[in-house]
1. Is there a residue in the range 35-51 that is within 12 Å of LYS100 (Cβ to Cβ), touching a Gly at 6+ places or on another chain (Cβ under 9 Å), in contact (Cβ under 8 Å) with a residue 24 or more places away in the chain and within 16 Å of the ligand (Cβ to nearest atom)?
2. Could you look through the range 163-192, keep only residues that are under 12 Å from the mean Cα position of the chain (by Cα) and among the aliphatic types (A, V, I, L, M), and pick out the one that is surrounded by the fewest Cβ atoms within 10 Å (Cβ to Cβ)?
3. Within the group SER64, SER107, which residue is part of a strand (DSSP E or B), within 10 Å of the ligand (Cβ to nearest atom) and of a type outside the set (Val, Ile, Thr)?
4. I'd like the full set of residues that are open to solvent by less than 50 Å² (accessible area, probe 1.4 Å), in contact (Cβ under 8 Å) with a residue 24 or more places away in the chain and of a type outside the set (A, V, I, L, M, F, W, C), limited to the range 339-353.
5. With the requirement that a residue be out of contact with any Lys or Arg (no Cβ under 6 Å at 6 or more places or on another chain) and among the aliphatic types (A, V, I, L, M), what does the range 184-213 give you?
6. Can you name every residue in the range 420-432 that is surrounded by fewer than 24 Cβ atoms within 10 Å (Cβ to Cβ) and either without any contact (Cβ under 8 Å) to a residue 60 or more places away in the chain or among the acidic types (Asp, Glu) (or both)?
7. Find all pairs meeting these conditions: Cβ atoms under 8 angstrom apart; at least six residues apart or on different chains; first residue within the range 138-162 and within 15 Å of HIS176 (Cα to Cα) and open to solvent by 40 Å² or more (accessible area, probe 1.4 Å); second residue of a type in the set (A, V, I, L, M, F, W, C) and more than 13 Å from the ligand (Cβ to nearest atom).
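The values are calculated or read from the model by the stated rules, or taken from the named source; none is laboratory data. For clarity, every value in this text was computed on a predicted model and none was experimentally measured. Quick reminder, even Gly has a Cβ in these numbers, built from the backbone with ideal geometry, and neighbours come from all protein chains shown. Each accessible area value is taken on the protein alone, full model and side chains, heavy atoms only, with ligands, DNA and RNA left out. Shrake-Rupley method; radii C 1.70, N 1.55, O 1.52, S 1.80 Å.
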Amino acid sequence: MSNNNNDNLIIEKLFKPKSIAVVGASRNLEKIGGVILSNLVKNKFNGKIYAVNPSAKEILGVPSYPSLLDIPDEVEHIVVAIPAEKVPEIIEEAGKKGVKVATIIASGFKEVGRADLEEKVVNIAKKYGIRILGPNVFGVVYTPMNLNATFGAEHIHKGKIAFLTQSGALGIALMHWTSMEKIGLSSIVSMGNMTDIDAIDLAKFFEKDENTKVIGLYLEGLGTGKGHEFIEVFSEITKKKPVIALKAGRSERGTRAVASHTGSLAGSDAVYDSALKQAGVLRASDVEQLFNWAKMMAFSESFEINGKGFVIITNGGGMGVMATDASEFNGLPLLEVPEELKKEFRKTMPWFGSPNNPVDLTGQSNVQNYIEAIKVALESELVSGITVMYGEVAFLDPVELANGIAKTLKEYNKSRKPVNVVMLGGEKTKMGTEILEENGVPVYPIPEKAISSMAALYKYSKIIGKANLKI
Ligand code: COA
């Protein structure tokens, strides 16, 4: 890892190359090199694609050459999908070709005791100034360029979250999961052995990347001796963008598992916890929580939080109680609704509703009740943020409600308060969820997840000194 500007420019080539070549591309789509090429082609990468294969002239419509040196064009990024032993000679050729960055897919290096082979590759790369991602990775995705140079899922849902992972299988699974859940990604990067490019280099790119609003990290280790640098660099990044980390290897056995996975030294969990805190990095306890929080951050227009506390609006008392508990457990201050504001809320609900917080519109509420209650909450300077909850009932259509909420927020959320929504129910709530998220409103399936995500946003706002709550 290095700090100079030239290196930063080279790392840009990992995500925004003018041209990319897959070394080890195969006509056989059951082989990793075949899938990587296919993902690049099917996603319509916004640059030139080349294949390198000993015998093919063309694969999937892409021109193929026996060697990198035969490609009659500049190549900025190569993805190397041939067995580990053959990688050094490819990096040597890449150096001669003027390649800037190499993603090395192959396993069979430090993680299996072949530190010598890894070192050989690194030394050749250094000689030519090539930066290396990996080895032992599934590749890299950057959706603004339609770059999917991985052997993971073909389809990625586009969005503003960059996810960097030291675990390959987890990353590939999450490519499928985020696509199914329509969680929008700007990027997903497999970091593998981090022999050269590491989480610090990558995060520095995403700090400046206008297509990324939040960075998610799955980490097993930082790399030996990198603790201070990590804190220094991430302290700066988190001032500009939220970073959410999932640090595995918490238990003693987990630590040993890390050593045999990526060859990293996991270190004591307490040390990491303190390093992440010092760096202003939020720590999630599982991947789902990481993405729940990230979604909240990615959809938020501002991290400034004012007022005197958060408000929950619900059509179900039980859900309200669950959300209240979750608020307390997650350190999210709820507003004590003063009499005057209660009067306003009372006007928005049937006579048997409750204007306290949670504001209970009751199971008999309609779209208009929700709209009016949301307007009251948006217009009150006391309200810091709102969680709107809907439990599906037969006579209140979640699709109509979603449209109503989306329109109301667009028209009335002038002060850009954080708002999220719970849609708890069946198929139609999924449709409601889609409508809201297409309109930039984060939706969660249960109260606890929405509250935990709102609390994460509040925590981040405190970290960057933008929480001005007068409690
Ligand atoms: N230049 C260009 N192409 C070459 C080549 C070279 N020097 N050497 C071999 N190839 C071609 C092969 O001919 C083959 O193409 P073909 O199917 O048309 O014959 C293709 O490259 C792949 O080579 P092959 O030897 O068949 O390797 P493979 O596909 O079985 O395995 C890896 C290659 C890299 C996938 C495998 O070694 C590996 O490391 N797998 C683990 C990957 C992994 O899990 N990474 C971590 C994820 S988190």
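1. no
2. ILE183
3. Every option except SER64 fails the conditions.
4. Within the range 339-353, just THR348 meets the criteria.
5. Residues satisfying the conditions are LEU185, ILE188, VAL189, MET191, MET194, ALA199, ILE200, LEU202, ALA203.
6. Correct list: GLY425, GLY426, GLU427, LYS428, THR429, LYS430, MET431.
7. Close Cβ pairs satisfying both conditions: HIS157/ILE183; HIS157/LEU185; LYS158/LEU185.
Conditions (1) in contact with a Leu (Cβ under 7 Å, 6 or more places away or on another chain); (2) more than 12 Å from the ligand (Cβ to nearest atom), marked per residue:
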residue	(1), (2)
VAL121	no, yes
LYS127	no, yes
LEU133	yes, no
GLY139	no, no
PHE151	no, no
HIS157	yes, yes
HIS176	no, yes
